[in-house]
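**Q** Pasting a structure here, questions to come.
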Amino acid sequence: MTVAQAVVEYLSKQYTVDTVGGVDYRERLIPGTFGIFGHGNVAGVGQALKQYQQLDPTIMPYYQGRNEQAQSHQAVGYARHTRRRQTFAISTSIGPGSSNLLTGAALATTNRLPVLLLPSDTFATRAADPVLQQLEQPYAYDITVNDAFRPLSKFFDRVNRPEQLFSAFHHGLRVLTDPAETGSVTISLPQDVQAEAFDVPEEFLAEREWRIRRPDADDDDIARAAAAIRSAKRPLIIAGGGVLYA
């Protein structure tokens, strides 16, 4: 199968398990994919999504957008609504299509809300160079628009070889489902690598559960906080958004 097909099938098999009040809530981590297709992703992720839509639309539902930034904001809002148990993947073409996600990446990371960004990238082989909408820096040909995601992401990787797919997505989803580390996870997919065929181990495509950790507060910290509140004349508690996920 191709790299893009492996990505779609892998994401369809990922689940979160969240224990609240002794009850386990099991949800699909990525219930769907947003995407706007151009020359950077139509023959890769676009083909894979179309293939699985024809095979079984429930494997990975696809939602067409009109603006990449709006899609990222929708994904972040959905993650907030689902208590960070679920979010969306977003596929874009290269250049401006990718850079339109930057605001959404910053929003997700600063608010610790999960979103999976899959911006396309220039040819890893450089067989076609330059390509349409490529950022051409004369002093460094390994720089692309997607490098702008590095400071805005909690996890960033670029899959320059099909074999790098396994570690990139395992580490990326580990961050995506970690309450303390979550934010924007950006995995850059060069357009030629997306369409490369390779052997994918069955275990990579097996169902996987990511248990959301919700560790209890330290007893001493609770006691000190309670003592401070009791001793205050007019106590005021300012609680951040994190209390919704505790």
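No value in this document is a laboratory result; all are computed from the given coordinates. Keep in mind it's a predicted model, so treat the numbers as computed, not measured. Cβ: placed from backbone, ideal geometry, glycine included. Neighbour counts: every protein chain shown.
**Q** Given the options A124, A228, A180, which has the most mean-square fluctuation in a GNM of the chain, springs set between C-alpha atoms less than 10 angstrom apart?
**A** A228
**Q** Moving on. With r as the distance between the Cβ atoms of A228 and S167 and R0 = 41 Å, compute the FRET efficiency 1/(1 + (r/R0)^6) and round to 0.05.
**A** Efficiency for this residue pair is about 0.35.
**Q** Please give the FRET efficiency for R126 paired with K13, using the beta carbon to beta carbon distance and R0 = 30 Å, rounded to the nearest 0.05.
**A** Here the calculated transfer efficiency is 0.35.
**Q** Turning to a different aspect of this structure: Calculated from DSSP H runs of 4 or more alone, at -39500 (n - 2.57) each and per residue, what is the 222 nm mean residue ellipticity of the chain, nearest 500?
**A** Roughly -9000 deg cm²/dmol at 222 nm, from the helical runs in the chain.
**Q** Once amide H atoms are placed 1.01 Å from N in the peptide plane, what residues at a sequence separation of 5 or more from R158, or on another chain, have their amide H within under 5 Å of its amide H?
**A** Correct list: S188.
**Q** Please give the residues of segment 24-53, grouped as numeric ranges, whose backbone N is less than 16 Å from a label point set 7 Å along the Cα-to-Cβ vector of R66.
**A** Inside the label zone: 35-37.
**Q** What does the convex hull of the alpha-carbon atoms of segment 30-173 project to on average, in nm²?
**A** Over every viewing direction, the Cα hull of segment 30-173 projects on average to 8.8 nm².
**Q** Which net charge results when you count Lys and Arg as +1 and Asp and Glu as -1 among the other residues whose beta-carbon is under 13 Å from that of L116?
**A** Surrounding charge for L116 is +3.
**Q** For M60, M1, what ranking results if the residue with the fewest other Cβ atoms within 10 Å of its Cβ goes first?
**A** M1, M60
**Q** Would you mind listing how long the chain runs along its three principal axes, going by Cα atoms, in whole Å with the largest first?
**A** 70, 42, 31
**Q** By count of other Cβ within 10 Å, fewest leading, how are S72, S184 ordered?
**A** S72, S184
**Q** Using mean Cβ contacts within 10 Å as the protection proxy, how do 137-143, 114-120 order, highest first?
**A** 114-120, 137-143
**Q** Additional query: What does the net charge come to around A106 if you take all other residues with beta carbon closer than 14 Å to its beta carbon, with K and R at +1 and D and E at -1?
**A** +2
**Q** In nanometres, what is the gap between the two model label sites at T103 and H81, each 7 Å from Cα along Cα-to-Cβ?
**A** 2.0
**Q** Under the definition of Cα pairs under 8 Å and six or more residues apart, what whole-number percent is the relative contact order of the chain?
**A** Over the chain, the number comes to 24 percent.
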